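Presented below is the structure to which this report refers.
The values are calculated or read from the model by the stated rules, or taken from the named source; none is laboratory data. Please read all numbers here as calculations on a predicted model, not as lab measurements. All Cβ positions, glycine included, derive from the backbone under ideal geometry; neighbour counts span all protein chains shown.
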Amino acid sequence: MSLIKIFAAVNGRIFEGLGNGTTPTATRIHYLLKGLMKNKSIHITTISYFQTSKRDCISIIYNNIIKTYVALRATAILVRDNPIAYFEYPDSFTIIQNKYLFKLSKVLRLKIVLDVHDTREQSDALGAKRTAINKSFEEFCLKNADLILALNQPMWDHLAETYQIPPGKKVELIPNAYEDEIGQLYPHAYRGVEGRFNICYMGGITLNSGIYLLFKACENVHMIYPQIMLYLFGPYGDSFPEDLKKEIEGSRFVVRKVIPRREIPKAVMNMDLMVMPYNPGDPYMNLSSPTKLFEYIGIAKPILCTKCESLLSLGEGGSIIYADYIEGDFEAKVKMLIERPELREELSRKLMEIRSKHTWSERARVLGNALASLS
């Protein structure tokens with residue numbers, strides 16, 4: 001088999017480790033491409049460089065000089081090696097030099113892989129004031145990529161319809177996943193502990209992520225079952241209302257903190273229920289493929305999830321409990337899981353049976369096959 005050469009327009013430092021990084025984008029690039037590097041028929045080239053986080057004038061000038069230098073080096077690699085060009089969307093294109101590299105790859109008639117991690121709608125869902133990518137450039141990227149990696153079918157259907165992309169476009173569904181180390185840390189199915197019921201949510205705390213519904217449902221259950229505790233591991237979004245923050249922070253049954261991503265697997269060791277309360281009434285939430293849900297699957301703790309379109313297919317064989325996005329139904333499902341420890345243990349056993357399908361190693365294998373068919 002001939003060697004497949006890839007140039008990835010990402011900072012090569014990401015392969016050294018995630019450090020305190022918590023972003024889904026960094027996690028995806030780190031594990032997906034590192035897994036791909038284990039394939040002896042694939043050679044990935046990246047450029048490592050340092051960027052300062054300071055925002056003073058001198059630092060901004062320095063960062064741009066470095067990014068321009070990197071773009072020039074990347075240009076030489078693209079021209080010399082004629083590789084497949086890999087771009088992560090949209091984060092790659094928050095750097096203007098990568099927009100140039102994408103267009104150059106098109107001019108050079110290189111095969112282009114576009115790893116679509118998210119869409120422009122994410123900015124609205126998270127309450128961001130603006131997005132770095134305009135609609136015309138999103139369309140340009142999607143129409144000019146030779147292989148698109150989509151997180152799930154609903155996301156791709158939405159993009160294809162929005163931009164009238166012809167049905168012949170080569171698309172591979174590669175959702176997010178969990179790292180093998182999580183499975184190693186949790187080699188056995190969950191067992192309930194009498195007198196304990198800890199509920200856990202990981203990720204950004206925004207209105208669209210359903211945190212307030214989760215909080216109110218747990219508050220009601222807490223009056224009946226005072227042993228429950230709600231752990232929120234994540235930061236508040238910019239648009240999360242201050243009055244709701246105060247209500248959550250003032251509660252005696254809530255523990256909220258931001259922890260480094262590398263500490264999360266051990267931090268959930270004593271959890272009894274992992275929750276995903278996203279609002280399916282928000283169109284964007286039906287397109288999402290949150291990394292944390294796959295990490296929940298890897299941990300194999302019982303999962304309670306709302307009925308977002310992109311998440312419904314993951315609970316095969318009844319391995320995930322789904323609730324309507326209604327406080328009363330969410331509350332009822334939590335009560336049921338408190339009262340039925342045998343159900344929680346059964347859910348965990350079912351997750352153990354399917355979790356091997358959702359590792360980054362498996363995703364890298366699928367991507368490797370897609371790249372082989374492209375070259």
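Summary table
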quantity	calculated
Selection status of ILE248, in a helix (DSSP H, G or I), farther than 26 Å from GLU181 by Cα and either more than 18 Å from the chain's Cα centre (by Cα) or of a type in the set (A, V, I, L, M) (or both)	yes
All positions within the range 1-14 that are out of contact with any His (no Cβ under 8 Å at 6 or more places or on another chain) and surrounded by 12 or more Cβ atoms within 10 Å (Cβ to Cβ)	PHE7, ALA8, ALA9, VAL10, ASN11, GLY12, ARG13
Tally, over the range 316-335, of residues that are closer than 19 Å to LEU287 by Cα, surrounded by 17 or more Cβ atoms within 10 Å (Cβ to Cβ) and out of contact with any Ser or Thr (no Cβ under 8 Å at 6 or more places or on another chain)	1
Selection count, the range 15-74, where residues are outside any helix (DSSP H, G or I), hydrophobic (A, V, I, L, M, F, W, C) and exposed (fewer than 14 other Cβ atoms within 10 Å of the Cβ)	1
Selection count, the range 291-310, where residues are out of contact with any strand residue (DSSP E or B) (no Cβ under 9 Å at 6 or more places or on another chain) and crowded, with 24+ Cβ neighbours inside 10 Å	1
Residue count for the range 278-294, restricted to those that are under 22 Å from GLY192 (Cα atoms) and either touching a Ser or Thr at 6+ places or on another chain (Cβ under 9 Å) or modelled with pLDDT under 90 (or both)	1
Subset of the range 170-222 (residues that are in contact (Cβ under 8 Å) with a residue 40 or more places away in the chain and polar (S, T, N, Q))	ASN176, ASN198, THR206, ASN208, SER209, ASN220
Which numbered condition ILE264 misses (of (1) within 22 Å of ALA323 (Cβ to Cβ); (2) at pLDDT below 95)	(1)
Residue in the range 29-46 that is touching a helix residue (DSSP H, G or I) at 6+ places or on another chain (Cβ under 8 Å) and more than 30 Å from LYS292 (Cβ to Cβ) present	yes
Residue among SER288, SER313 that alone is assigned by TED's automatic domain parsing to the domain that holds MET352 and either buried (at least 22 other Cβ atoms within 10 Å of the Cβ) or assigned to a loop (DSSP other than H, G, I, E, B) (or both)	SER288
